[in-house]
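In what follows, a single structure is set out as structure tokens and then discussed.
The values are calculated or read from the model by the stated rules, or taken from the named source; none is laboratory data. None of the values given here were measured: they were computed from a predicted structure. We place every Cβ from the backbone using ideal geometry, glycine too, and count neighbours over all the protein chains shown. Note: accessible area is taken over every heavy atom of the protein model, side chains too, but ligands, DNA and RNA are not part of it. Shrake-Rupley method; radii C 1.70, N 1.55, O 1.52, S 1.80 Å.
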Amino acid sequence: MAIPNSYPGEHSKFKPNDPAAIAQQKAAQDRQQELRKQKREEQRRKRLDKRANRSR
């Protein structure tokens with residue numbers, strides 16, 4: 001029988017029971033989501049501008 005190299009849950013996310021820690025993680029998650037949204041919008045705008053400014 002093969003022995004696994006890691007213990008169960010090694011790659012699982014740490015889930016605290018402290019409401020303050022949960023709120024802090026949620027805030028960080030929301031911040032990252034907003035940054036991704038802004039970056040996506042910026043890339044989209046850049047792509048559309050590039051497409052609109054092509055020389056014919």
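Of 26, 15, the order by accessible heavy-atom surface (1.4 Å probe, DNA, RNA and ligands excluded), from most exposed downward, is 15, 26.
Extending 7 Å from the Cα toward the beta-carbon at both residue 55 and residue 22 defines two label points whose distance is 6.0 nm.
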